[in-house]
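What follows is calculated from the coordinates using simple rules that are stated; it is not laboratory data. Since the model is a prediction, treat every value here as computed from it, not as a measurement. Backbone-built Cβ (ideal geometry, glycine too); neighbour counts: all protein chains shown.
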Amino acid sequence: MPTTLPRATIRTQVTIPLRLADGYATTARAFTFDGLVDGREHLALGFGSSARSPMRHDTGRPTLVRLHSECLTGDVLGSERCDCGPQLREAVGRLDRAGGYLLYLRQEGRGIGLYAKIDAYALQDAGLDTYEANLALGYPADGRDYTVAAQMLRALGEERVRLLSNNPDKAAQLERLGLTVCERVPTGVHRSPTNARYLAAKAHRGAHLLDLDLGHRPA
Ligand SMILES: [Zn+2]
């Protein structure tokens with residue numbers, strides 16, 4: 001029985017020309033919302049056909065969607081303690097080619113916040129893995145909640161999506177919230193010497209479907 005999803009509406013939409021750190025340039029349509037249940041300022045970015053004609057209700061292929069949880073250290077600073085920066089870069093490129101939405105969700109550090117994430121890094125330096133560190137600090141191993149993502153997709157008119165993700169929990173949460181995930185499209189594995197332990201923890205503890213022998217697949 002799907003959870004009843006409170007309705008959100010589009011508040012403002014604007015076009016933003018993007019130039020990423022590696023010089024990749026494109027244009028996205030940015031959407032803000034009213035009515036998101038956690039009151040935070042989450043952003044949707046539409047690429048390709050989703051930028052040109054948002055709110056279309058055609059019967060074509062379900063729209064490709066990536067749910068990206070904010071990671072200031074990885075997204076902005078290029079931290080190599082995690083794979084968020086390369087994941088974000090891959091998603092923008094693939095969405096730009098295929099058309100679709102990137103939902104930029106303000107749940108830093110799997111929902112525990114920036115300072116707590118840095119606290120968890122300190123514990124990881126003492127030997128705990130990323131999930132153990134969260135638990136040691138009194139937080140859930142993964143506190144991310146995708147209710148707002150489901151609200152945003154519904155406000156954008158996207159009830160049926162293809163989800164760009166290696167994380168089955170994202171698809172399961174969206175399905176519980178009443179959306180249809182027609183397909184889960186795997187992302188690349190962005191491994192480096194400094195994030196190898198983090199990725200191994202994601203694969204073994206977080207049930208992410210990562211094939212760590214594959215290395216990075218070009219997007
Ligand atoms: Zn990160």
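Could you grab the pairs with beta carbons closer than 6 Å, sequence gap of 6+ or different chains, first residue in segment 95-111 and touching a residue at least 24 places away in the same chain (Cβ under 8 Å), second one within 12 Å of the ligand (Cβ to nearest atom) and of a type in the set (Gly, Ala, Ser)?
Filtered contacts from segment 95-111: 105/69; 107/69.
Look through segment 58-78, keep the residues that are charged (D, E, K, R) and in a loop (DSSP other than H, G, I, E, B), and return whichever of them is farthest from the ligand (Cβ to nearest atom).
Looking at the filtered set, the residue picked out is 58.
Within segment 138-147, does at least one residue satisfy the condition of being acidic (Asp, Glu) and without any contact (Cβ under 8 Å) to a residue 24 or more places away in the chain? Spell out how you get there, then give the answer.
Within segment 138-147, the subset acidic (Asp, Glu) is 142, 145.
Those still in the list that are without any contact (Cβ under 8 Å) to a residue 24 or more places away in the chain too: none.
No, segment 138-147 contains no residue that is acidic (Asp, Glu) and without any contact (Cβ under 8 Å) to a residue 24 or more places away in the chain.
Return yes or no: is residue 111 in a loop (DSSP other than H, G, I, E, B), surrounded by fewer than 21 Cβ atoms within 10 Å (Cβ to Cβ) and among the small types (Gly, Ala, Ser)?
Criteria met by residue 111.
Does segment 79-105 hold any residues that are assigned to a loop (DSSP other than H, G, I, E, B) and more than 10 Å from the ligand (Cβ to nearest atom), and which are they?
So in segment 79-105, the residues assigned to a loop (DSSP other than H, G, I, E, B) come out as 79-83, 99.
Hit for segment 79-105 is 99, nothing else.
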